[in-house]
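In what follows, a single structure is set out as structure tokens and then discussed.
The values are calculated or read from the model by the stated rules, or taken from the named source; none is laboratory data. Small disclaimer: the values here were computed from a predicted structure and weren't measured. Here the Cβ positions follow ideal geometry from the backbone for every residue, glycine too, while neighbour counts run over all protein chains shown.
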Amino acid sequence: MTDKISNILKGLFQKYPDAKTALKFSNPLELVIATILSAQATDKKVNEVTERLFKKYKCLDDFLKTDLKTLEEDIKEINYYRNKAKMIYQCCHQIKERFNSKVPDVMEELTSLSGIGRKTANVILGSGFGKPAIAVDTHVIRVANRLGLVNTEDPVKIELELMEIIPKEKWTAFSLSTILHGRETCKSRKPLCEQCMLSSNCQYSKYKS
Ligand code: SF4
């Protein structure tokens, strides 16, 4: 690990020692449902909806017993609720049929489920199962490029390149703390470089000054 990476990780972990996903869940299935709902919706809105949803649907069987129309009605406050209800419905049936009613904890199996792409799968692996995983969202794309850790907007390339340079046991914490850093400090339009603990290791900040 280079000094630059080491300093960046130190700065991120000092500032965000308990970084975790903003989505509320109490088991991997709930995280699957919440992440499907979270596409183009705020975490706050998703948490409002899932607070009620998870009281009604307590386990996989509850989702399997319902019909699509009822599920649509139960999540209708969320953007694209019809499509998301369909994804959740299909995903739950696939979990039962293909994975013996257990949410899988392997990338290829997760991404074979309806509504779950690579980023979502990494959120589930990292936060739901405690496995090393780098979820690359818009914040990670922006911050990693500005820091000069990568030089591409392609999320899959970014994930693979970061996996090469960051120690495996730190992947999840890096991803979660970088998301927070992107939200709070390294903002899209006006990054707050003057108050950023990473500025001395940041390519964008050096170029700017
Ligand atoms: S120094 Fe500025 S551009 Fe670099 S990570 Fe910090 S806020 Fe972002």
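Some observations on this one:
- Some residue of the range 159-171 being over 19 Å from ALA19 (Cα atoms), within 8 Å of the ligand (Cβ to nearest atom) and either in contact (Cβ under 8 Å) with a residue 24 or more places away in the chain or not in a helix (DSSP H, G or I) (or both): no
- Hey, ASN151 at pLDDT 95 or above and buried (at least 21 other Cβ atoms within 10 Å of the Cβ) or not: no
- Those residues of the range 104-125 which are among the acidic types (Asp, Glu) and either assigned to a loop (DSSP other than H, G, I, E, B) or under 18 Å from THR172 (Cβ atoms) (or both), in sequence order: ASP105
- In summary, LEU53 fulfils each of the numbered conditions (1) part of a helix (DSSP H, G or I); (2) in contact (Cβ under 8 Å) with a residue 24 or more places away in the chain with the single exception of condition (2).
- Candidates ILE166, ILE141, filtered to the one that is crowded, with 20+ Cβ neighbours inside 10 Å, at pLDDT 95 or above and closer than 18 Å to ILE8 by Cα: ILE166
- Just one of the listed residues (THR35, THR50, THR21) is modelled with pLDDT under 95 and among the polar types (S, T, N, Q), namely THR21.
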